[in-house]
1. Could you run through the stretch B:2-27 and say how many residues are surrounded by 13 or more Cβ atoms within 10 Å (Cβ to Cβ), among the small types (Gly, Ala, Ser) and over 19 Å from residue B:73 (Cα atoms)?
2. Determine, yes or no, whether residue A:93 is assigned to a loop (DSSP other than H, G, I, E, B), open to solvent by 40 Å² or more (accessible area, probe 1.4 Å), touching a residue at least 40 places away in the same chain (Cβ under 8 Å) and of a type outside the set (Phe, Trp, Tyr).
3. In the stretch B:62-112, which residues are in contact with a strand residue (DSSP E or B) (Cβ under 6 Å, 6 or more places away or on another chain), hydroxyl-bearing (Ser, Thr, Tyr), in a loop (DSSP other than H, G, I, E, B) and more than 14 Å from chain A (Cβ to nearest Cβ)?
4. Identify the residue in the stretch B:94-112 that is of a type in the set (Phe, Trp, Tyr) and open to solvent by less than 30 Å² (accessible area, probe 1.4 Å) and, among all such residues, is nearest to residue B:39 (Cα to Cα).
5. For the condition of a type in the set (D, E, K, R) and in contact (Cβ under 8 Å) with a residue 24 or more places away in the chain, what is the one hit in A:39, A:45?
6. Given (1) free of Cβ contacts under 8 Å to residues at least 40 places away in the same chain; (2) farther than 30 Å from residue B:5 by Cβ, identify the lone condition not met by residue A:70.
7. For the stretch A:50-63, which positions are open to solvent by 20 Å² or more (accessible area, probe 1.4 Å), hydroxyl-bearing (Ser, Thr, Tyr) and either part of a loop (DSSP other than H, G, I, E, B) or under 20 Å from residue A:106 (Cβ atoms) (or both)?
8. Within the stretch B:33-54, how many residues are outside any strand (DSSP E or B), within 8 Å of another protein chain (Cβ to nearest Cβ) and surrounded by fewer than 22 Cβ atoms within 10 Å (Cβ to Cβ)?
Amino acid sequence: DIQMTQSPSLLSASVGDRVTINCKASQNINKYLNWYQQKLGEAPKLLIYNTNNLQTGIPSRFSGSGSGTDYTLTISSLQPEDFGTYFCFQHNSWPYTFGAGTKLELK
Amino acid sequence: QIQLVQSGPELKKPGESLKISCKASGYTFTDYAMQWVKQAPGKGLQYMGWINTQTGKPTYADDFKERFVFSLETSASTAYLQINNLKNEDTATYFCARDTDWGQGVMVTVSS
């Protein structure tokens with residue numbers, strides 16, 4: 001199984017900050033990497049699909065990059081509504097797997 | 001708009017069974033596979049598997065091959081997750097998900 005290692009697990013940041021969250025796969029996942037945001041008590045929301053494609057309705061301050069085994073989610077200027085937990089997800093190889101999550105909290 | 005509406009919370013005893021529903025609307029049900037994801041309290045997301053909505057063929061991740069059953073009622077645009085012989089560790093929220101949209105989740109509590 002492909003292991004997805006997310007870092008950091010906890011990120012404290014302020015409104016307006018630029019933040020990056022990383023996800024490292026245990027083997028090449030050919031850019032089949034999605035990013036989700038989850039707020040407490042809610043379902044995850046798809047932000048980015050296949051590494052760098054912004055889902056409809058998601059603000060352009062979110063972007064994704066990467067290739068091979070290393071992927072990054074960037075929020076260019078953090079907004080109050082961006083706090084929550086972020087998960088990466090690989091759908092290149094079965095079984096599909098999620099990262100453990102990055103909790104983004106207000107500093 | 002696309003909606004996945006799941007059934008309500010469940011409280012069950014160990015050894016019992018349950019069946020969760022996920023009703024889709026706003027798109028052609030058979031155009032997209034349906035996925036299932038488990039989230040234990042305070043934990044991350046665990047991919048359970050998916051069901052081909054055209055053929056009804058399910059595919060399970062290893063941890064979900066024994067007591068878990070994905071099924072469909074295509075005429076009602078509804079997918080189901082059945083869990084048999086419930087265990088305490090099945091306590092979790094279960095989400096159905098299309099490629100882009102998720103149901104609201106069903107909280108399942110297993111306790112004697």
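1. Looking only at that region, the number is 0.
2. Numbers: assigned to a loop (DSSP other than H, G, I, E, B): yes; open to solvent by 40 Å² or more (accessible area, probe 1.4 Å): no; touching a residue at least 40 places away in the same chain (Cβ under 8 Å): yes; of a type outside the set (Phe, Trp, Tyr): yes.
Taking the combined requirement at face value, the residue does not satisfy it.
3. Of everything in the stretch B:62-112, those that are in contact with a strand residue (DSSP E or B) (Cβ under 6 Å, 6 or more places away or on another chain), hydroxyl-bearing (Ser, Thr, Tyr), in a loop (DSSP other than H, G, I, E, B) and more than 14 Å from chain A (Cβ to nearest Cβ) turn out to be B:77, B:91.
4. To start, the set of residues in the stretch B:94-112 that are of a type in the set (Phe, Trp, Tyr) comprises B:94-95, B:102.
When the remaining residues are screened for being open to solvent by less than 30 Å² (accessible area, probe 1.4 Å), the result is B:94-95.
Numbers: B:94: 6, B:95: 8 Å.
Filtering first and then ranking leaves B:94.
5. Values: A:45 fails: in contact (Cβ under 8 Å) with a residue 24 or more places away in the chain.
Of A:39, A:45, the one residue that is of a type in the set (D, E, K, R) and in contact (Cβ under 8 Å) with a residue 24 or more places away in the chain is A:39.
6. Every listed condition holds for residue A:70 apart from (1).
7. A:56, A:60
8. If we filter the stretch B:33-54 for residues that are outside any strand (DSSP E or B), which is where we start, we get B:33, B:40-45, B:52-54.
Now restrict to residues that are within 8 Å of another protein chain (Cβ to nearest Cβ): B:44-45.
Adding the requirement that they be surrounded by fewer than 22 Cβ atoms within 10 Å (Cβ to Cβ) leaves B:44.
Qualifying residue count for the region: 1.
The values are calculated or read from the model by the stated rules, or taken from the named source; none is laboratory data. This structure is a prediction, so every number in the text was calculated from the model and none was measured. Methodologically, a virtual Cβ is constructed for each residue, glycine included, from the backbone with ideal geometry; neighbour enumeration extends over all protein chains shown. All accessible areas refer to the heavy atoms of the entire protein, side chains included, with ligands and DNA or RNA removed. Shrake-Rupley method; radii C 1.70, N 1.55, O 1.52, S 1.80 Å.
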